Amino acid sequence: MTLGEVSLKSSIREKIEWAEAFYLKYRDRFIKDPEICELLHRLKEAIYASRREMANIGMTVECEFCEKDEGGSCCGAGMEDRYDGGLLLINLLLGAELPKRRYDPASCLFLGPDGCLLLAREVICINYLCQKILEHVDSKGIASLREKEGVELEVLFILRERIRKICNTSYPTLSQKVRNCSKSTAK
Ligand code: SF4
Ligand code: SF4
């Protein structure tokens with residue numbers, strides 16, 4: 001195994017390079033695991049359910065307006081550093097593409113012209129609601145969104161654990177590398 005080690009302190013470019021190389025080399029080992037396949041499917045469903053709820057409660061429109069007309073995105077430059085290699089690897093397993101260039105110099109590397117380019121996101125990105133959203137969306141809508149996000153976070157947690165377990169039991173060499181790249185970030 002010749003892939004280089006990266007840690008949470010590595011640059012985001014190094015983490016992306018690591019995740020892409022790791023994915024290319026070991027993708028089959030993960031997707032042949034029935035539990036991983038099922039969890040990836042469940043995670044995708046949960047992510048789409050959260051997104052649908054964001055649209056239902058009017059948050060998507062608010063955020064688009066904020067992004068395009070008010071220049072007030074909460075996805076600022078530097079947010080990408082909260083991501084570790086393990087979560088980037090999960091994004092690749094879900095079929096997301098990791099960007100090579102920053103779309104907006106003032107924004108997170110993962111922010112594209114139509115919003116976040118990632119599918120699996122860190123808890124801070126999933127949970128964050130600004131004051132404007134809290135004021136404009138009624139409490140029933142917020143509670144409904146929180147419920148969907150809770151499912152998303154739970155499945156993501158189980159998937160991360162399953163990936164670690166496979167590495168620990170079957171691929172000890174992988175284990176160290178995934179552990180080094182999957183330490184969760186503090187909020
Ligand atoms: S959550 Fe708030 S600050 Fe962030 S894009 Fe939406 S409206 Fe703007
Ligand atoms: S939601 Fe996406 S674009 Fe926004 S800060 Fe999080 S990772 Fe970056």
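Subtracting the Cα-Cα distance of Ala106 and Arg52 from their residue separation scaled by 0.36 nm leaves 16.7 nm.
Gain on full extension, evaluated as 0.36 nm per residue between Tyr128 and Cys37 minus their Cα-Cα distance, stands at 29.9 nm. Seen from His41, the other residues with C-beta closer than 15 Å to its C-beta sum to a net charge of -2, counting Lys and Arg as +1 and Asp and Glu as -1. Net charge of the neighbourhood of Ala120, taken over other residues with C-beta under 11 Å away and scored Lys/Arg +1, Asp/Glu -1, is +1. Axis of helix 172-181 versus longest Cα principal axis of the chain: the two differ by about 30°, to the nearest ten degrees.
Shown for the chain: lysine pairs separated by 8 or more places, or found on different chains, whose C-alpha atoms are under 17 Å apart, numbering 15. Relative to the longest principal axis of the chain, what angle (0 to 90°, nearest 10) does the C-alpha long axis of helix 139-170 take? So the helix axis and the longest Cα principal axis differ by about 10 degrees.
Read-outs throughout are calculated quantities, based only on the coordinates presented, and are distinct from any laboratory measurement. Bear in mind that the values here come from a model prediction, so they are computed numbers and not experimental data. Glycine also receives a Cβ, built like all others from the backbone with ideal geometry; neighbour counts cover every protein chain displayed.
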